[in-house]
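Written below as structure tokens is the structure these notes are about.
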Amino acid sequence: ADLGWEGNSSQLFHWYLPAGAKYISLSDIDAKAAEALSRGDLEMVSVGFRVTKPSVDMPFEQRQMTFSQGWRSAQIIDQRGKMQTLEESNRMADKGAKTCAQFKLLLQGKYGNLVNAWRKGLDISGDGKLSFAEFNAAARALGFSGSVRKLWAELDSDQSGVVTLGEFAPDAHRSIEEFLGVLRECHGNTLKGWVEGLDKDKNGMLSEMEFEDRCKELGISSDAKRLYKWLCSPGSKGIVLADVDPKAAQALARGDHDMLLSLPGIIPKCQMTFFERQQLHGRVPSQEMLIASVCPQQRW
């Protein structure tokens, strides 16, 4: 039953059972397998070799083909077969993504869309850009088998030395930036935009229908359905704040509703060097309070 055989196992057992015996052994099932087991030949590679007594009528090579030599030859043939299988597997793996288009298809298959691929597979640090070293490590880890330098040159269109989402997925980037720009314009920042303009029922998630309705209310000109697919994580039932803006989600977690620490040039006090902290003493209290208002337990 464990093997999935659906025949009459009781009848089969009695066919194999020697007269007067209570149990069946391997030799009852397959005598050649029992012989191979006694030789330690679990792969049964020696079974195909017929061992005969050497004869004077045999050629020299055939007389030299004793059982041990035959077994050794069988093992070599078996090993060659395994090596050929491995080489074939490597050749198949080498047929992976080698061009920019194939690489993006690979990412879409793994992450659902290019925005999720960027956030979860490429821009792991979340700083919005990739250096060549970061990109090279990510591309190889994701299974890209082509020239990473050629891929990099194709993506780094402005030759700035970094790749951004705008270069990686320009259509998605434009739509998302327009969406975030409207949230900032209407509510001051993306966190307040989420709390006040998007998540009106306060359940922490937006369904596709809710998202489309909120986009209409905000006057978003981009295709809301397409924008939803770019932002929604694969397998998720809806969009959460981290999908809209990861930095806003971090700000909410630390209670920074004004997203002060997300402003350019603002550095948490616990991330400063000793010299930078010493410079704070000469500043006005409001600036110091702004910088040191929140000190997270870890960097973001």
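The values are calculated or read from the model by the stated rules, or taken from the named source; none is laboratory data. Everything numeric here is computed off the predicted structure, so don't read it as measured data. Because the Cβ atoms are built from the backbone with ideal geometry, glycine has one as well, and the counts that use them run over all protein chains shown. Keep in mind that these areas ignore ligands, DNA and RNA; they rest on the heavy atoms of the full protein, side chains included. Shrake-Rupley method; radii C 1.70, N 1.55, O 1.52, S 1.80 Å.
For region 123-139, give me the residue count where each residue is touching a residue at least 24 places away in the same chain (Cβ under 8 Å), within 13 Å of Leu155 (Cα to Cα) and either open to solvent by less than 50 Å² (accessible area, probe 1.4 Å) or not in a strand (DSSP E or B) (or both).
Residues that pass the stated criteria total 5.
Could you grab me the full set of residues in region 161-171 that are touching a strand residue (DSSP E or B) at 6+ places or on another chain (Cβ under 9 Å) and in a loop (DSSP other than H, G, I, E, B)?
Val162
Quick one: which helices (runs of 4 or more DSSP H) sit completely within region 199-300 and have at least 3 residues that are modelled with pLDDT under 85?
By residue number, 274-279, 285-292.
Could you look through region 229-258, keep only residues that are open to solvent by less than 20 Å² (accessible area, probe 1.4 Å) and more than 22 Å from the chain's Cα centre (by Cα), and pick out the one that is farthest from Ala169 (Cα to Cα)?
Result: Asp256.
Checking the structure you have, find out if any residue of region 183-191 is part of a helix (DSSP H, G or I), open to solvent by 80 Å² or more (accessible area, probe 1.4 Å) and either of a type in the set (Ser, Thr, Tyr) or out of contact with any Ser or Thr (no Cβ under 6 Å at 6 or more places or on another chain) (or both).
Within region 183-191, one or more residues are part of a helix (DSSP H, G or I), open to solvent by 80 Å² or more (accessible area, probe 1.4 Å) and either of a type in the set (Ser, Thr, Tyr) or out of contact with any Ser or Thr (no Cβ under 6 Å at 6 or more places or on another chain) (or both).
In the set Asp156, Asp171, which member is of a type in the set (D, E, K, R) and buried (at least 17 other Cβ atoms within 10 Å of the Cβ)? Break it down into steps so the answer makes sense when it comes.
Values: Asp171 fails: buried (at least 17 other Cβ atoms within 10 Å of the Cβ).
After applying the criteria, what remains is Asp156.
Mind listing just one residue for me: the one in region 97-122 that is small (Gly, Ala, Ser) and part of a helix (DSSP H, G or I) and, of those, farthest from Val162 (Cα to Cα)?
If we take residues in region 97-122 being small (Gly, Ala, Ser) and part of a helix (DSSP H, G or I), then Gly109 is farthest from Val162 (Cα to Cα).
Write out, first by first residue and then by second, each pair whose Cβ atoms fall under 6 Å of each other, whose residues are 6+ apart or on separate chains, and whose first residue, in region 144-157, is part of a loop (DSSP other than H, G, I, E, B) while the second is among the β-branched types (Val, Ile, Thr).
Asp156/Val163
Counting only residues that are on the phi > 0 side of the Ramachandran plot and under 33 Å from the mean Cα position of the chain (by Cα), which one in region 197-220 is surrounded by the fewest Cβ atoms within 10 Å (Cβ to Cβ)? Even if it seems obvious, please write down each step before you answer.
So in region 197-220, the residues on the phi > 0 side of the Ramachandran plot come out as 202, 204, 219.
Next, only the ones that are under 33 Å from the mean Cα position of the chain (by Cα) stay: 202, 204.
Working: Lys202: 6, Gly204: 10.
Among residues in region 197-220 that are on the phi > 0 side of the Ramachandran plot and under 33 Å from the mean Cα position of the chain (by Cα), the one surrounded by the fewest Cβ atoms within 10 Å (Cβ to Cβ) is Lys202.
Are any of the residues in region 122-130 at pLDDT 90 or above, within 23 Å of Lys229 (Cα to Cα) and of a type in the set (Ser, Thr, Tyr)?
Within region 122-130, not a single residue is at pLDDT 90 or above, within 23 Å of Lys229 (Cα to Cα) and of a type in the set (Ser, Thr, Tyr).
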